[in-house]
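Just below is one structure, and these are the notes that go with it.
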Amino acid sequence: MFLQKLKNISAIILDVDGVLTNGMLLLTESGEQLRQFNIKDGYALQLAVKKGFKVVVISGAKSKGVEARMKGLGIQDVFLGVDAKPEVYHEFLKKSALNADQVLFIGDDIPDLQLMKLAGLSACPADAVEEIKVLADYISPRKGGDACVRDILEKLLKIQGLWIDNDASACDGSSKS
């Protein structure tokens, strides 16, 4: 059922911490919060953008590093420091003329509950909290930050015949060009 529904998806909305990262923060002496991202997730995200999917990040995180990473991958719709995720979700759908059946949401924790219910299709990493797992249409065998986004997007792109890119780029958004 999950794979069949992927055929209708044209937008991917996802959380950051616990989905694109393992949810751990490294704090520097100056108080800066550092996150670690998986390159394989980055490849799948930039390929999805390249293939015409609308990719959106909605996160409670407030980080210039997160914003720079997402923009480096070609993701233009990055909403950080968000308390009310459903409001941003509804605004994005309206602006993009999309309906819920076209949206895949990937979340992992309690702040993602409402979007798990609103999106037409939902997925989560293996280490998501139980409240999220019971709502998910698909639970990746991968943990957050351990290529779970790659797992999910690879399925999406393959089912739509877009996975292999004849003009594949090794660009993962890690450098400013």
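Filtering region 25-45 to residues that are part of a helix (DSSP H, G or I) and either free of Cβ contacts under 8 Å to residues at least 24 places away in the same chain or touching an Asp or Glu at 6+ places or on another chain (Cβ under 7 Å) (or both) leaves 39, 42, 43, 44.
Apart from one condition, residue 60 fits all of (1) touching a Pro at 6+ places or on another chain (Cβ under 8 Å); (2) among the small types (Gly, Ala, Ser); (3) modelled with pLDDT of 95 or more; the exception is (3).
For region 102-120, which positions are outside any loop (DSSP other than H, G, I, E, B), within 13 Å of the chain's Cα centre (by Cα) and in contact (Cβ under 8 Å) with a residue 24 or more places away in the chain? Result: 103, 104, 105, 106, 112, 115.
To keep it simple, each residue is scored yes or no on (1) at pLDDT below 95; (2) assigned to a helix (DSSP H, G or I); (3) in contact with a helix residue (DSSP H, G or I) (Cβ under 8 Å, 6 or more places away or on another chain).
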position	(1), (2), (3)
143	no, no, no
146	no, no, no
149	no, yes, yes
153	no, yes, yes
164	yes, no, no
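Put simply, of 62, 71 the only residue that is surrounded by fewer than 17 Cβ atoms within 10 Å (Cβ to Cβ), among the basic types (Lys, Arg), under 29 Å from residue 32 (Cα atoms) and more than 15 Å from the chain's Cα centre (by Cα) is 62. Selection of region 43-88 for residues being among the aromatic types (Phe, Trp, Tyr) and under 12 Å from residue 15 (Cα atoms) yields only 79. Considering region 79-98, and only residues there that are closer than 13 Å to residue 60 by Cβ and of a type in the set (A, V, I, L, M, F, W, C), the residue that is surrounded by the fewest Cβ atoms within 10 Å (Cβ to Cβ) turns out to be 84.
Residues of region 1-21 that are more than 18 Å from residue 132 (Cα to Cα) and either in a loop (DSSP other than H, G, I, E, B) or among the charged types (D, E, K, R) (or both): 1, 5, 7, 8, 9, 10. Being of a type in the set (A, V, I, L, M, F, W, C), surrounded by fewer than 21 Cβ atoms within 10 Å (Cβ to Cβ) and over 16 Å from residue 74 (Cα atoms) is the filter here, so list the residues in region 10-56 that pass it. Those that are of a type in the set (A, V, I, L, M, F, W, C), surrounded by fewer than 21 Cβ atoms within 10 Å (Cβ to Cβ) and over 16 Å from residue 74 (Cα atoms): 24, 25, 26, 27, 34.
One line per residue, one yes/no per condition, for (1) part of a helix (DSSP H, G or I); (2) out of contact with any strand residue (DSSP E or B) (no Cβ under 9 Å at 6 or more places or on another chain); (3) aliphatic (A, V, I, L, M):
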position	(1), (2), (3)
23	no, yes, no
47	yes, yes, yes
68	yes, yes, yes
75	no, no, yes
81	no, yes, no
90	yes, yes, no
98	no, no, yes
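Residues that are touching a residue at least 40 places away in the same chain (Cβ under 8 Å) and among the β-branched types (Val, Ile, Thr) do occur in region 61-77.
The values are calculated or read from the model by the stated rules, or taken from the named source; none is laboratory data. Keep in mind that what you see is a predicted model, and the values were worked out from it rather than measured. When we count neighbours, we look across all protein chains shown, and the Cβ atoms used for this are built from the backbone with ideal geometry, even at glycine.
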